[in-house]
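Q: Got a structure for you, questions after.
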Amino acid sequence: MKVSVLVAVYNAEKYLRECLDSLINQTHRDLQIICIDDASTDASWQILEEYAAKDSRIVLLRQAENRGIADTRNRGLQVADGDYVTMLDSDDWLAPDAIEQACH
């Protein structure tokens, strides 16, 4: 079963790599990782592009102006195609088997 993970990002360069690493290293591999940048002014977008270039499961969306967390997540929901959808804040991370455990 496919799981879509929505990651709303706003000026999260300090934590973003740890967040993304925790997602791409999940034991449950059938993931769609949707990262929605909410018009960050730091290096968040560049980090997202770097990760998306290495992992085809990462889908990038970018807001032209800062719209807030609800609007940003709703934009991600529009492209989510997983059987299940979950959300992770860009300054958080998951244990390697978190999604696998949630699916069983």
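Q: Quick one: compute the contact order of the chain, relative version, from alpha carbon pairs under 8 angstrom and 6+ residues apart, as a percent.
A: Reported as a whole number, the value is 45 percent.
Q: Hey, can you grab everything whose amide H is under 5 Å from the amide H of R62? Only 5+ residues off in sequence or another chain; H modelled, so Pro and N-termini drop out.
A: Correct list: D37.
Q: Additional query: Which order do the peptides 83-91, 51-59, 31-39 take when ranked by the mean count of other beta-carbon atoms within 10 Å per residue, highest first?
A: 31-39, 83-91, 51-59
Q: Could you look at the chain and say what percent of its accessible area is carbon and sulfur, using a 1.4 Å probe and all protein chains?
A: 46 percent
Q: Moving to a separate point now. Keeping every protein chain in place, order K14, K2 by accessible area at 1.4 Å, biggest value first, i.e. largest first.
A: The residues order as K14, K2, largest area first.
Q: Could you please put T27, T41, T72 in sequence from largest to smallest accessible area, using a 1.4 Å probe?
A: Descending order: T41, T27, T72.
Q: Could you point to the residue in Q78, A8, A52 farthest towards the positive end of the range 1-82's charge dipole, with +1 and -1 charges on the Cβ of Lys/Arg and Asp/Glu respectively?
A: Q78
Q: Still on this structure, I have one more. Enumerate the calculated ³J(HN,Hα) couplings along the range 81-95 in order (Karplus 6.51 cos²θ - 1.76 cosθ + 1.60, θ = phi - 60°), each rounded to whole Hz, writing x wherever the residue is Gly or Pro.
A: 10, x, 5, 10, 10, 9, 10, 9, 5, 5, 10, 10, 8, 10, 4
Q: Here's something else I'd like to know. Would you mind getting the accessible area per residue of the range 2-53, heavy atoms of the protein chains only, 1.4 Å probe, in Å²?
A: Counting only protein heavy atoms, the per-residue value for the range 2-53 is 39 Å².
Q: Is it possible to state the helix-based mean residue ellipticity at 222 nm for the chain, with each DSSP H run of 4+ residues giving -39500 (n - 2.57), the sum divided by total residues, to the nearest 500 deg cm²/dmol? What is it?
A: Taking each H run of at least 4 residues, the total per residue is -10000 deg cm²/dmol.
Q: If you don't mind, there's one more thing I want to ask. Let's see if you can work this out: charge +1 on each Lys and Arg Cβ, -1 on each Asp and Glu Cβ, no other charges. What is the dipole magnitude of the range 1-82 about its Cα centre, in debye to the nearest 20?
A: The dipole magnitude comes to about 240 debye.
Q: Please give the per residue accessible area of the range 60-104, computed with a probe of 1.4 Å over protein heavy atoms only, in Å².
A: 69 Å²
Q: As a test of reading the structure, rank E65, E50, E13 by solvent-accessible area (1.4 Å probe, protein chains only), most first.
A: E65, E13, E50
Q: Another question, then. Apply the Karplus parameterisation 6.51 cos²θ - 1.76 cosθ + 1.60, with θ equal to phi minus 60°, to every residue of the range 61-78 and state each ³J(HN,Hα) to the nearest whole Hz, in sequence, with x for glycine and proline.
A: 10, 9, 7, 6, 9, 5, 10, x, 5, 5, 5, 5, 5, 4, 5, x, 4, 5
The values are calculated or read from the model by the stated rules, or taken from the named source; none is laboratory data. Given the structure is predicted, the values throughout are model-derived calculations rather than measurements. So basically every Cβ, Gly included, is an ideal-geometry build from the backbone, and we count neighbours across all protein chains shown. When the accessible area is computed, the model is the full protein with side chains, heavy atoms only, and any ligands, DNA or RNA have been set aside. Shrake-Rupley method; radii C 1.70, N 1.55, O 1.52, S 1.80 Å.
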